[in-house]
1. Under 8 Å by Cβ, and 6 or more places apart or on different chains, what pairs join a residue from the range 48-76 that is farther than 19 Å from Pro129 by Cα with one that is modelled with pLDDT of 95 or more and assigned to a loop (DSSP other than H, G, I, E, B)?
2. Looking at (1) under 23 Å from the mean Cα position of the chain (by Cα); (2) open to solvent by 20 Å² or more (accessible area, probe 1.4 Å), which one does Ala270 not meet, given that it meets all the others?
3. Out of the residues in the range 48-78 that are touching a Gly at 6+ places or on another chain (Cβ under 8 Å) and of a type in the set (Gly, Ala, Ser), state the one that is nearest to Pro2 (Cα to Cα).
4. Checking Pro16 against (1) without any contact (Cβ under 8 Å) to a residue 24 or more places away in the chain; (2) touching a Phe, Trp or Tyr at 6+ places or on another chain (Cβ under 8 Å), which single condition isn't satisfied?
5. In the range 113-146, how many are assigned to a loop (DSSP other than H, G, I, E, B) and open to solvent by 50 Å² or more (accessible area, probe 1.4 Å)?
6. Please verify whether Met244 is touching an Asp or Glu at 6+ places or on another chain (Cβ under 8 Å) and either of a type in the set (A, V, I, L, M) or more than 23 Å from Ile154 (Cα to Cα) (or both), treating the condition exactly as stated.
7. Within the range 251-276, can you find the residues that are farther than 15 Å from Ala17 by Cβ, of a type in the set (A, V, I, L, M) and in a helix (DSSP H, G or I)?
8. Only residues in the range 201-220 that are farther than 18 Å from Thr143 by Cβ count as the first member; pair them with residues that are of a type in the set (Asp, Glu) and open to solvent by less than 60 Å² (accessible area, probe 1.4 Å), Cβ under 7 angstrom, at least 6 apart or cross-chain, and list the lot.
Amino acid sequence: MPVFVASEPLVNEQLPALGRHTVDGLLREAEELAAAGVPALMLFGVPEEKDDEATGAWAEDGVVQQALRALRPRFPELLLLTDVCLCSYTTHGHCGVVEDGEIANDATIELLARVAVSHAEAGADAVCPSDMMDGRIGAVRETLDDAGLDRAAIIAYSAKYASAFYGPFREAADSTPSFGDRASYQMDPANVREALRECELDLAEGADMLMVKPALPYLDVIRAVRERFDAPLAAYSVSGEYAMVKAAAAAGHLDERRAALEGLTAVRRAGADVVISYWAKEAAAWL
């Protein structure tokens with residue numbers, strides 16, 4: 001279940017799973033999720049202040065770090081995953097450091113490695129780099145190992161596409177780019193072969209699990225990755241997929257429960273071992 005943690009709560013009545021929790025609110029939400037049978041949370045942070053270097057992303061008292069330290073002793077049975085990216089923490093909303101109007105790949109991966117270490121030190125079981133910079137998995141793995149955090153797993157957003165289905169997420173995470181788009185570092189939706197190459201590189205650099213994002217519009221990519229690689233595979237059923245079903249159900253066009261479960265089943269059928277989904281809490285109850 002993806003969850004958003006911030007200094008102030010934010011209720012989203014139309015899309016409940018895309019609201020924001022304070023640390024105390026997240027503890028209450030985690031209790032409900034654990035009781036429902038959801039085995040893992042993926043934490044996204046929304047900081048109170050942003051800057052060009054995304055310093056809030058690795059701050060010891062950052063919102064994700066605070067949440068991890070609060071959650072870890074209370075819920076030892078939950079797997080705690082963290083999104084490792086800079087977009088929510090930068091003034092410009094891009095996933096990397098901006099230099100002369102362009103994304104600076106190498107400067108970005110140095111910061112991402114710092115973020116990953118701060119999350120693992122705070123109690124994360126796995127870190128999930130979602131930025132799509134080249135070489136970041138190797139940098140994160142090496143930095144974690146050097147810090148004595150070799151038990152922290154890496155779930156790599158290996159095939160993350162420049163998709164139109166991220167809109168509601170960017171509102172929840174306050175991460176909409178202030179200029180341009182992310183097509184220079186996220187993947188072309190028409191390209192499957194690049195996804196396989198990215199997966200291969202991430203595994204070589206030390207990824208423990210691969211991920212395809214979005215899920216439902218990219219079932220063929222999930223299948224292609226499953227057939228090529230024997231590594232564990234996750235798929236992220238994104239906010240736009242969730243929002244479409246919610247809106248259609250609210251308009252009376254389809255049955256929400258049946259449509260949601262059918263979509264999630266399709267993701268598993270395509271080959272995903274793990275599904276990250278805003279439906280997790282409801283699906284756990286339905287199942």
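The values are calculated or read from the model by the stated rules, or taken from the named source; none is laboratory data. What you see is a predicted model, and the numbers here were worked out from it, not measured in a lab. Every residue, glycine as well, gets a Cβ built from its backbone with ideal geometry; the counts of neighbours run over all protein chains shown. Ligands, DNA and RNA are excluded from the accessible area calculation, which covers all protein heavy atoms including side chains. Shrake-Rupley method; radii C 1.70, N 1.55, O 1.52, S 1.80 Å.
1. From the range 48-76, the pairs are Arg69/Gly123; Leu71/Leu78; Leu71/Gly123; Arg72/Gly123.
2. That leaves (2) as the condition not met.
3. Ala67
4. Against the list (1) without any contact (Cβ under 8 Å) to a residue 24 or more places away in the chain; (2) touching a Phe, Trp or Tyr at 6+ places or on another chain (Cβ under 8 Å), Pro16 comes up short only on (2).
5. Of the residues in that region, 2 qualify.
6. So Met244 does not fit the description; no.
7. Ala259, Leu261, Ala266, Val267, Ala270
8. What qualifies is Leu210/Asp202; Pro214/Glu241; Ala215/Glu241; Leu216/Glu241.
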